[in-house]
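In what follows, a structure is listed as structure tokens, so that the remarks can point back to it.
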Amino acid sequence: MQRGEFTVGVDIDTTPDNLAAAAQRRRVREFTTALQALAADPQFADLHAEITDPLAAPAQREQRAALVAARRAVARLQERRLHGGHGLLDERTATQVLLDTAEPEVQYYEFKIGEEAQVGADWLWVWLDPSGGCFMLLVQAKSFKMENRRLAVDLGYRSGKRKVLQMDLLLESAQVFGVPFAYVVYTGTREFRAALECTATHCEGLCRDREGADVLWLAGLSAHNIRTLVQPREWAGDVMHRGLPLEDMLGTGGPLPPFHDLHLRNSSVLPKELRDLIVAPQGAAQMAARMILSQVSPIRMGQFVAADLATMDLPDGAVFPQLPRDRGHLPVPYLPHVLGGLRTEVPEYVTDVLAGRTPPVWVTERLAGIVVVPPPGTAAGQQPLAPRAPALPNRAGGSRRAA
């Protein structure tokens, strides 16, 4: 057989009816295992193989549906406000609506009003893994606005008396926590976005009209790349084009699109466990890490700078103790930045919140709160981790506050 570029795709119907029988699930599992063994065969080492376990997605279906419902709740309220002659929701209110709607599948714990002007951060999202690990991500909310009849988003916002760039503050806070940062962007309604000049198309139509565009998430290093290379008048269009629907933090709901990293094929630099994570993430924590990386790796791939293969240490407890310090034109080494948020254990300040204790001041002063995505299947009201103190009171009896 002559070598050449080709793609083999196998689509397995994973609707509940087709996976109801144990025999069916066993056949799917055996077939997936056989494909993974084939991909690991040394004679196929030069082929790029991506195999997604079709039985892993249903476990996260309810949580993804909760994020979809939350996004739609924000969109409906935005639409009512605009039709009533009011402006769009401010970021804080939109986030409250989002998190209230996503409960109990997604849980959140509020602190006092966050010192956003000083540190740039808003919420810390934590995806818990059944094995006891997690993935953490600092998130800042942003909203589209109308300026001179053009849609705009302020990636260059400066805050505080010293007018420090908010993005720099957010990056600094991300380094303090040892995790990546990202934005959740509230883009208004489809009617509101009609003024957007970005005409780029996705497979389902115009970028601005695609399903899920009402609330987007965007990796912080991708936003930094936009602010650095693109004129401010084009920021909104680029954010709309690069951003992914909020629920895609938990995967796409189907087979993951392949993506390539500059270091992915270099086995002497990246451990096998990391390559497996990128190709076929297992669980919500790995999925969230993979989705963030999928927005950052293509940026580095397009930068014509020699790769720096020297390694650097990651924070204590990181799944990968060392990773390449390569950064290209990015502000920080991108692999340690993204994957530093993937931990073998949940940090104590997160378990403090889950157990009803007040986290340290350095945490509460930097965040508006912590959002927890528990392991799939955690019952409503059930502690995601074994509590070491009484649980926080339910919101029905008052606002759930950790500080």
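Here is how the numbers come out for the structure above:
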{"read-out": "Residue in segment 160-175 that is modelled with the highest pLDDT, counting only those that are open to solvent by 10 Å² or more (accessible area, probe 1.4 Å) and in contact with a helix residue (DSSP H, G or I) (Cβ under 6 Å, 6 or more places away or on another chain)", "value": "169"}
{"read-out": "Scope segment 176-196; condition within 23 Å of residue 288 (Cβ to Cβ) and either among the aromatic types (Phe, Trp, Tyr) or exposed (fewer than 15 other Cβ atoms within 10 Å of the Cβ) (or both); matching residues", "value": "176, 177, 181, 183, 186"}
{"read-out": "Qualifying position, being closer than 19 Å to residue 243 by Cβ, surrounded by fewer than 20 Cβ atoms within 10 Å (Cβ to Cβ) and modelled with pLDDT of 85 or more, among 81, 72", "value": "72"}
{"read-out": "Residue within segment 341-354 that is part of a strand (DSSP E or B), under 30 Å from residue 274 (Cα atoms), touching a residue at least 40 places away in the same chain (Cβ under 8 Å) and of a type in the set (D, E, K, R) present", "value": "yes"}
{"read-out": "Boolean, residue 228 is open to solvent by 20 Å² or more (accessible area, probe 1.4 Å), part of a helix (DSSP H, G or I) and among the polar types (S, T, N, Q)", "value": "yes"}
{"read-out": "Selected residue [among the hydrophobic types (A, V, I, L, M, F, W, C) and in contact with an Asp or Glu (Cβ under 9 Å, 6 or more places away or on another chain)] from 367, 339, 274, 314", "value": "367"}
{"read-out": "Those residues of segment 232-264 which are of a type in the set (Val, Ile, Thr) and either open to solvent by less than 10 Å² (accessible area, probe 1.4 Å) or part of a helix (DSSP H, G or I) (or both), in sequence order", "value": "239"}
{"read-out": "Among the candidates 403, 380, 396, 386, residue that is at pLDDT below 90 and in a helix (DSSP H, G or I)", "value": "396"}
{"read-out": "Odd one out for residue 218 among (1) open to solvent by 70 Å² or more (accessible area, probe 1.4 Å); (2) modelled with pLDDT of 90 or more", "value": "(1)"}
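This table checks each residue for (1) touching an Asp or Glu at 6+ places or on another chain (Cβ under 8 Å); (2) closer than 20 Å to residue 219 by Cα; (3) open to solvent by 70 Å² or more (accessible area, probe 1.4 Å).
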| position | (1), (2), (3) |
| --- | --- |
| 268 | no, no, yes |
| 284 | yes, yes, no |
| 294 | no, yes, no |
| 323 | no, yes, no |
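The values are calculated or read from the model by the stated rules, or taken from the named source; none is laboratory data. On a predicted model such as this, the values are computed, not experimentally measured, just so you know. For neighbour counting, all protein chains shown are included, and Cβ atoms are generated from backbone atoms with ideal geometry for every residue, glycine included. Ligands, DNA and RNA are excluded from the accessible area calculation, which covers all protein heavy atoms including side chains. Shrake-Rupley method; radii C 1.70, N 1.55, O 1.52, S 1.80 Å.
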